[in-house]
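Have a look at the structure below before the remarks.
The values are calculated or read from the model by the stated rules, or taken from the named source; none is laboratory data. Note that the structure is a prediction, hence the values are computed from the model and not measured. Cβ: placed from backbone, ideal geometry, glycine included. Neighbour counts: every protein chain shown. Keep in mind that these areas ignore ligands, DNA and RNA; they rest on the heavy atoms of the full protein, side chains included. Shrake-Rupley method; radii C 1.70, N 1.55, O 1.52, S 1.80 Å.
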Amino acid sequence: LFAGRYTTVDLGVRLLNGAADPVVAVYGPRVDGGLWGRALRVDDDGGVGTNSRIRGLTFPALGEYLIVVSSYTPSPAGQFELAVACRSGCDQLVSCPDLVCNDVGL
């Protein structure tokens, strides 16, 4: 996700199928050399049931941010839906194409 300084977003992860316990983490901004640094925010169970939700995340700088969705349960985890809603500073948020990521059973 490419966002500007002071851009504020809400993130939600919803389990579509399976018996997973979703967790979401946001890292960044990406620095020279491709490193992401420490997690800005991590959530497990902040949404309805075991779903994850991060509300009011304000990005500290202009740049690229990595959103990681995983599960605390063993594979196969299931399928998730990630929703990103901009609350403020939206003119600096670059939209991304819809991506479909499947559980690879690692």
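Would you calculate the separation in nanometres between label points at D10 and S70, each defined as 7 Å from the Cα along the Cα-to-beta-carbon direction?
Computed distance between label sites D10 and S70 equals 2.7 nm.
What is the local net charge at W36, summed over the other residues whose Cβ is closer than 9 Å to its Cβ (Lys, Arg +1; Asp, Glu -1)?
Summing Lys and Arg as +1 and Asp and Glu as -1 gives +1.
What accessible area per residue comes out for region 1-92, rounded to a whole number of Å², with a 1.4 Å probe?
That works out to 57 Å² for each residue.
Got the relative contact order for region 1-77 handy, in percent, Cα pairs under 8 Å and 6 or more residues apart?
Over region 1-77, the number comes to 45 percent.
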